[in-house]
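Colleague: If you scroll down you'll find the structure; I have some questions about it.
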Amino acid sequence: MAIRKVLRMGHPLLQEVSADVTQFSTPELDNLIQDLFDTMEAEDGAGIAAPQIGVLKRVVIFGVDNENPRYPNRGSVPTTVLINPVITPVGNDIENGWEGCLSVPGMRGLVPRINKIHYRGYDQNGNLIEREAESFHARVVQHECDHLDGILYPQRIEDMTQFGFLEELADRIKKSCE
Ligand code: NI
């Protein structure tokens, strides 16, 4: 399929609320998901949401293996297609962690997220997906699902001294992952 252009922060489509998917197992949905995978892999992303390629549908994909150069030593996240997702917090632990986003290239920020969540949604064939996740896995899911509500991670940063260019922050990020 195709590597698509990733919209960057400031583009109005990234600020919109996306619509539920109502039909599964369609060529249109399969093509969208293939484009998302092609684009995520080309950019070494941990995940990507449909609005990032200009499609306002509640579709995200994510997945990280330990080889991903953008996220070393963060643990793996199962490769997943998640449609019409619903996140429910489990407990009330909040954890700070460094995030990047393909729509905010070259930058990183320290973002508080719920440490443990339950999430549910559907794959491209309408099969129910239901999981508990914590730590980096939970963070990735929350980050991607935020895109569906028009929220980018810089809007979640509480201390703006912890936001900047990856090259400048690299030592700080490395320390926090050790
Ligand atoms: Ni993102």
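The values are calculated or read from the model by the stated rules, or taken from the named source; none is laboratory data. Remember, predicted model here, so these are calculated numbers, not experimental data. Because the Cβ atoms are built from the backbone with ideal geometry, glycine has one as well, and the counts that use them run over all protein chains shown.
Colleague: Cβ-Cβ under 6 Å, sequence separation 6+ or interchain: first residue in region 160-176 and surrounded by 12 or more Cβ atoms within 10 Å (Cβ to Cβ), partner among the aromatic types (Phe, Trp, Tyr). Which pairs?
Modeller: Note: pairs meeting the criteria are Ile173/Trp98.
Colleague: Could you list, in sequence order, the residues of region 62-76 that are in contact (Cβ under 8 Å) with a residue 40 or more places away in the chain and more than 14 Å from the ligand (Cβ to nearest atom)?
Modeller: Pro72, Asn73, Arg74, Gly75
Colleague: Please verify whether Ala19 is more than 16 Å from the ligand (Cβ to nearest atom), modelled with pLDDT of 95 or more and of a type in the set (Gly, Ala, Ser), treating the condition exactly as stated.
Modeller: So Ala19 fits the description; yes.
Colleague: To continue, here is another question. Write out, first by first residue and then by second, each pair whose Cβ atoms fall under 9 Å of each other, whose residues are 6+ apart or on separate chains, and whose first residue, in region 101-127, is of a type in the set (Phe, Trp, Tyr) while the second is surrounded by fewer than 14 Cβ atoms within 10 Å (Cβ to Cβ).
Modeller: From region 101-127, the pairs are Tyr119/Val86; Tyr119/Thr88; Tyr119/Glu130; Tyr119/Glu132; Tyr122/Leu128.
Colleague: Let me ask another. Any residue at all in region 105-122 that is more than 14 Å from the ligand (Cβ to nearest atom), of a type in the set (Val, Ile, Thr) and part of a strand (DSSP E or B)?
Modeller: yes
Colleague: Let me ask something else about it. Of these, Leu148, Leu102, which one is modelled with pLDDT of 95 or more, in contact with an Asp or Glu (Cβ under 8 Å, 6 or more places away or on another chain) and surrounded by 17 or more Cβ atoms within 10 Å (Cβ to Cβ)?
Modeller: Leu102
Colleague: Looking at (1) at pLDDT below 95; (2) out of contact with any strand residue (DSSP E or B) (no Cβ under 7 Å at 6 or more places or on another chain), which one does Asp38 not meet, given that it meets all the others?
Modeller: Only one criterion in (1) at pLDDT below 95; (2) out of contact with any strand residue (DSSP E or B) (no Cβ under 7 Å at 6 or more places or on another chain) is unmet by Asp38, namely (1).
Colleague: Against the condition out of contact with any Lys or Arg (no Cβ under 8 Å at 6 or more places or on another chain) and farther than 17 Å from Arg74 by Cβ, how does Asn115 come out, does it pass?
Modeller: Against the criterion (out of contact with any Lys or Arg (no Cβ under 8 Å at 6 or more places or on another chain) and farther than 17 Å from Arg74 by Cβ), Asn115 does not qualify.
Colleague: Could you say whether any residue in region 65-86 is surrounded by 22 or more Cβ atoms within 10 Å (Cβ to Cβ), more than 19 Å from Gln23 (Cβ to Cβ) and modelled with pLDDT of 95 or more?
Modeller: Taking every residue of region 65-86 in turn, none turns out to be surrounded by 22 or more Cβ atoms within 10 Å (Cβ to Cβ), more than 19 Å from Gln23 (Cβ to Cβ) and modelled with pLDDT of 95 or more.
Colleague: Could you tell me whether Arg113 is of a type outside the set (A, V, I, L, M), touching a His at 6+ places or on another chain (Cβ under 8 Å) and surrounded by 19 or more Cβ atoms within 10 Å (Cβ to Cβ)?
Modeller: yes
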